[in-house]
Amino acid sequence: MYDALTQSAVWRVKTPKSGLVAIALAAIVLALAPVAIGPGSLRLLVEVFTMIALAQAWNLLAGYTGFVSVGQQAFIGIGAYGMFAVALKMGLNPFSSVLVGGIVAAVIGAFAALALFRLRGPYFAIGTWVLAELFRIFFINTQYFGGASGLTLARVLRGIPRDVRLNTTYWLALALALGSTLLIYLLLRSRFGLAVRTVRDNEASAESAGVNVWGTKFMVFVLASFITGCAGAILYLNTMFVGANAAFSVKWSALIIFVVIIGGIGTIEGPIVGALVYFTLREYLSDFGTWYIITFGLVAIAAMIVAPQGIWGYVAGRFKYHLFPVEAEISKDLPR
Amino acid sequence: MLELKNLTKAYGALRVVDDMTLEIAQGETLGIIGPNGAGKTSLFSVIAGQVAADSGEIRFCGQDVTRRPPFERCKAGLGRTFQVPRPFHGMTVFESAHVAASFGAGLSGQAASDFAAQAVERTGLLRHLNEPCSSLTLLDRKRMELTRALATNPKMLLLDEIGGGLTDHEIHELIDILNQIRDSGVSIVWIEHIVHALTSFVDRLIVINFGRKIADGNPKEVMALPEVHEIYMGVDIDDAA
């Protein structure tokens, strides 16, 4: 419709490399960690990494697309049970079964979206919780999945040396944390990411800019379900035992929300910072019984008063720095 | 280019669009006036798809779009602005235009960036290119509405009170922009209360009251009709607006 503005200069969207470098460095250093640290620390790191993935998925939903789920435990449990089922009943390698857990969660997420997307705002949030409860009740009452006593992986893991099991679980968790961070970052920097953010900001405007709002939400929800399902599978691969009451507990969503809010919602760095803060607190405070829960509450309140945008939101605002800038900055390149 | 056939939309007993039949040709500029609550914005929402019609038909560029979702109508070439600006608060001016150029106009890569930046420049927002939309003034938010609609590369623009609150000088600037857009072959349908600005720009004017079209034709002739005067209760039309 219009002629090019000026032929001599070109509009360029800046493509910062800081985030990619950080992920590459983290991958190299952390992949070598099993050489240096013991099994207890490895197990803890598996928890940290899966929490980062869970938080990234929830942040993609709530922080970037604008829909708040308190039913993430549905996909944690489905991922875990999916993985246990194929490993135990079909004899698939439990490590490769993690991917199956993720896929099962994604498929169920896709069907759940058809119903859940009819609900909005708080109704959507409650709807996701109800979904998780439905699955909890289903698994508790289904003997095929062990009923109330749950399932154990001991039988299929017996032949695998402890070191191999621990290290493989660790690497899977590391790959999931870094992979989901990288994927979500690249996605948000792409044109799909623009669509995602318009859906959060104003659905009517998004549609009148040509964005398929329903389709965008659907893809985001399925992706978040997949990541959450993989994380659930790895979490319970780490403990080797799954029970429906724990796996489908709403505590998971509370924890994920705590991590993302403390770290900084709507930033890629936030879920990582939040997970690190949470596990540091937990490791130091777990000996103090109930005080540990009370301290979490106080930290959450303090964060909301001092830094409502979370720790990373505060840092980024103060120093104008983003390790993973999602916003596209444009400038005019002069001809060389 | 756009044909409405017996289009109706009611909320209970209230018919906000009542048996509307209207045809708009390519390159035509059409003004819409009418008292508050006459159904002007509702008509836009039914045409652009935010609100579903109860009955009747909407054809755009020969296709029946009556049941199509708004994003598909946008891609087909229907651009609209909202009367109350609805900016993307968490995005920059450039990103807002970029998303429209990417999805509405279907461009990618450098072409999308260039087209978006051009739309921003046309509407005079270039100095805010990398600023978040949440920091824009009301006036600039109205410009942002036009920018987003323009960046979808529309065949027809539906402008909902885009001149409200502007000074005479700013109105002239806006009309200059709209003239350029019209000259590039885009049809423009413009709802506006500032009647003298509207009549100086449009080829044709329609008057809506209670969801019905009560006058349609040459702006001067329409403004001289007794029914139109009656709606504005005999007050000088510019003041009544």
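General remarks:
- Some residue of segment A:128-151 being in a loop (DSSP other than H, G, I, E, B) and open to solvent by less than 20 Å² (accessible area, probe 1.4 Å): yes
- Residue check, B:Gly165 in contact (Cβ under 8 Å) with a residue 60 or more places away in the chain and surrounded by fewer than 15 Cβ atoms within 10 Å (Cβ to Cβ): no
- Here A:Ile305, A:Ile265, A:Ile261, A:Ile293 are screened, and the one residue that is outside any helix (DSSP H, G or I), of a type in the set (A, V, I, L, M), open to solvent by 10 Å² or more (accessible area, probe 1.4 Å) and more than 25 Å from A:Val98 (Cβ to Cβ) is A:Ile265.
- Screening segment B:92-195 for helices (runs of 4 or more DSSP H) wholly inside it with 3 or more residues that are among the charged types (D, E, K, R) and more than 9 Å from every other protein chain (Cβ to nearest Cβ) returns the ranges B:138-151, B:168-183.
- Within segment B:12-44, the residues that satisfy the criterion of being surrounded by 17 or more Cβ atoms within 10 Å (Cβ to Cβ) and aliphatic (A, V, I, L, M) are B:Val16, B:Val17, B:Met20, B:Leu22, B:Ile24, B:Leu30, B:Ile32, B:Ile33, B:Ala38, B:Leu43.
- In segment B:74-114, the residues that are in contact with a Ser or Thr (Cβ under 6 Å, 6 or more places away or on another chain) and buried (at least 22 other Cβ atoms within 10 Å of the Cβ): B:Cys74, B:Gly79, B:Arg80, B:Phe88, B:Ala97, B:Val99, B:Ala100, B:Gly104, B:Ala105, B:Ala112
- Among the candidates B:Val222, B:Val207, the residue that is among the aliphatic types (A, V, I, L, M), over 14 Å from the mean Cα position of the chain (by Cα) and modelled with pLDDT of 90 or more is uniquely B:Val207.
- Selected residue [at pLDDT 90 or above, closer than 18 Å to A:Glu203 by Cβ and basic (Lys, Arg)] from B:Arg68, B:Arg127: B:Arg68
- Evaluated against (1) surrounded by 19 or more Cβ atoms within 10 Å (Cβ to Cβ); (2) in the same structural domain as B:Thr199 (by TED's automatic domain parsing), B:Arg68 falls short on exactly one condition, (1).
- When each of A:Asn202, A:Asn141 is tested for being touching a Gly at 6+ places or on another chain (Cβ under 7 Å) and over 30 Å from A:Leu45 (Cβ atoms), the lone residue that passes is A:Asn141.
- Those residues of segment B:74-91 which are more than 7 Å from every other protein chain (Cβ to nearest Cβ) and more than 21 Å from B:Leu178 (Cβ to Cβ), in sequence order: B:Ala76
The values are calculated or read from the model by the stated rules, or taken from the named source; none is laboratory data. Note that the structure is a prediction, hence the values are computed from the model and not measured. Methodologically, a virtual Cβ is constructed for each residue, glycine included, from the backbone with ideal geometry; neighbour enumeration extends over all protein chains shown. What goes into the accessible areas is simple: the full protein's heavy atoms, side chains included, and nothing from ligands, DNA or RNA. Shrake-Rupley method; radii C 1.70, N 1.55, O 1.52, S 1.80 Å.
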